1. With the structure loaded, tell me whether Asp47 is closer than 27 Å to Asp89 by Cβ, in contact (Cβ under 8 Å) with a residue 40 or more places away in the chain and in contact with a strand residue (DSSP E or B) (Cβ under 7 Å, 6 or more places away or on another chain) or whether it fails that test.
2. Any residue at all in the stretch 26-42 that's of a type in the set (Lys, Arg) and in contact with a helix residue (DSSP H, G or I) (Cβ under 8 Å, 6 or more places away or on another chain)?
3. Look through the stretch 3-35, keep the residues that are charged (D, E, K, R) and more than 17 Å from the chain's Cα centre (by Cα), and return whichever of them is least open to solvent (accessible area, probe 1.4 Å).
4. In the stretch 77-89, is there at least one residue being touching a residue at least 60 places away in the same chain (Cβ under 8 Å) and outside any helix (DSSP H, G or I)?
5. Which one of these is over 16 Å from Val15 (Cα atoms), surrounded by 15 or more Cβ atoms within 10 Å (Cβ to Cβ), modelled with pLDDT of 90 or more and more than 10 Å from the chain's Cα centre (by Cα): Phe77, Phe49?
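The values are calculated or read from the model by the stated rules, or taken from the named source; none is laboratory data. If you're wondering where the values come from, they're calculated on a predicted model, not measured in any experiment. Reconstructed Cβ throughout: ideal geometry from the backbone, glycine too, with neighbour counts over all protein chains shown. The area values use the complete protein model at the heavy-atom level, side chains included, leaving out ligands, DNA and RNA. Shrake-Rupley method; radii C 1.70, N 1.55, O 1.52, S 1.80 Å.
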Amino acid sequence: NGVIHAAGIPSTGKVLEKDRGGFEAELQPKVAGALVLDRVTRSEPLDWFVLFSSTASLIGDFGQCDYAVANRFLDRFCLYREKRRAKAD
């Protein structure tokens, strides 16, 4: 009884070559998807809530930092969500 969030899009081009819209488009599936899933399942008795991140959140992605930022968000959001869950118990 749980949720798997594996949305994402491959980064295209270096971050310095993108406009704001391109940067935000890279973040959208991972960040907005995680927030929406968290909100709509908040009152559900889940056994697990899985977010697929990437090693890019730790080592970067060589000029395409939007992908790394999106995955870093997922890493930190998991910690936040788990603290909130533990506090509710």
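1. Values: closer than 27 Å to Asp89 by Cβ: yes; in contact (Cβ under 8 Å) with a residue 40 or more places away in the chain: yes; in contact with a strand residue (DSSP E or B) (Cβ under 7 Å, 6 or more places away or on another chain): yes.
Spelling it out, Asp47 is indeed closer than 27 Å to Asp89 by Cβ, in contact (Cβ under 8 Å) with a residue 40 or more places away in the chain and in contact with a strand residue (DSSP E or B) (Cβ under 7 Å, 6 or more places away or on another chain).
2. Going residue by residue through the stretch 26-42, those that are of a type in the set (Lys, Arg) are 30, 39, 42.
Those still in the list that are in contact with a helix residue (DSSP H, G or I) (Cβ under 8 Å, 6 or more places away or on another chain) too: 30.
Yes, the stretch 26-42 contains a residue that is of a type in the set (Lys, Arg) and in contact with a helix residue (DSSP H, G or I) (Cβ under 8 Å, 6 or more places away or on another chain).
3. Going through the stretch 3-35, the residues charged (D, E, K, R) turn out to be 14, 17-20, 24, 26, 30.
Now narrow it down to the ones that are more than 17 Å from the chain's Cα centre (by Cα): 14, 17-20.
Details: Lys14: 108, Glu17: 141, Lys18: 47, Asp19: 106, Arg20: 180 Å².
The selected residue is Lys18.
4. If we filter the stretch 77-89 for residues that are touching a residue at least 60 places away in the same chain (Cβ under 8 Å), which is where we start, we get none.
Taking every residue of the stretch 77-89 in turn, none turns out to be touching a residue at least 60 places away in the same chain (Cβ under 8 Å) and outside any helix (DSSP H, G or I).
5. Working: Phe77 fails: more than 10 Å from the chain's Cα centre (by Cα).
Within the list Phe77, Phe49, the selection yields Phe49.
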